[in-house]
């Protein structure tokens with residue numbers, strides 16, 4: 001709702017549409033599907049860990065870059 005309000009009232013014609021981040025403690029695929037299905041905006045979903053990985057695997061990944 002906030003993004004649609006912002007797009008209608010605050011975004012200038014030459015600007016990109018607003019983006020939003022929704023953070024949830026639990027997942028509910030059915031609720032997400034019905035809330036987001038059919039929206040013209042692109043909706044991306046990701047899963048995040050609450051704690052960082054152990055230092056060694058993270059350091060190994062950085063070295064590979």
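Only the coordinates and a few stated rules stand behind these numbers; no lab work does. Just so it is clear, the structure is predicted and the values come from calculations on it, not from any experiment.
Compute the acute angle (0 to 90°) between the alpha-carbon long axis of helix 55-64 and the principal axis of greatest extent of the alpha-carbon atoms of the chain; round to the nearest 10°.
Its long axis makes an angle of about 80 degrees.
Residue 54 to residue 5: extension gain in nm, 0.36 nm per residue of separation minus the Cα-Cα distance?
That pair, residue 54 and residue 5, stretches by 13.5 nm at full extension.
Shape of the stretch 2-64 from its Cα gyration tensor (a ≥ b ≥ c, root eigenvalues): rounded if a/c is under 1.5, otherwise prolate when a/b > b/c, or oblate?
On the way: a/c = 3.19, a/b = 1.70, b/c = 1.88.
Verdict is oblate for the stretch 2-64.
Show that you can apply the helix-only estimate: for the chain, add -39,500 (n - 2.57) for every DSSP H stretch of four or more residues, divide by all residues, and state [θ] at 222 nm to the nearest 500. Mind showing how you got there, number by number?
Numbers: 3 runs with 26 residues, N = 65.
One gets -11000 deg cm²/dmol as the mean residue ellipticity at 222 nm.
Quick check: residue separation of residue 63 and residue 15 times 0.36 nm, minus the Cα distance between them. What number comes out in nm? Each step should come with its number before you reach the end.
Numbers: separation 48, 0.36 × 48 = 17.28 nm, distance 3.79 nm.
The span from residue 63 to residue 15 would gain 13.5 nm if fully extended.
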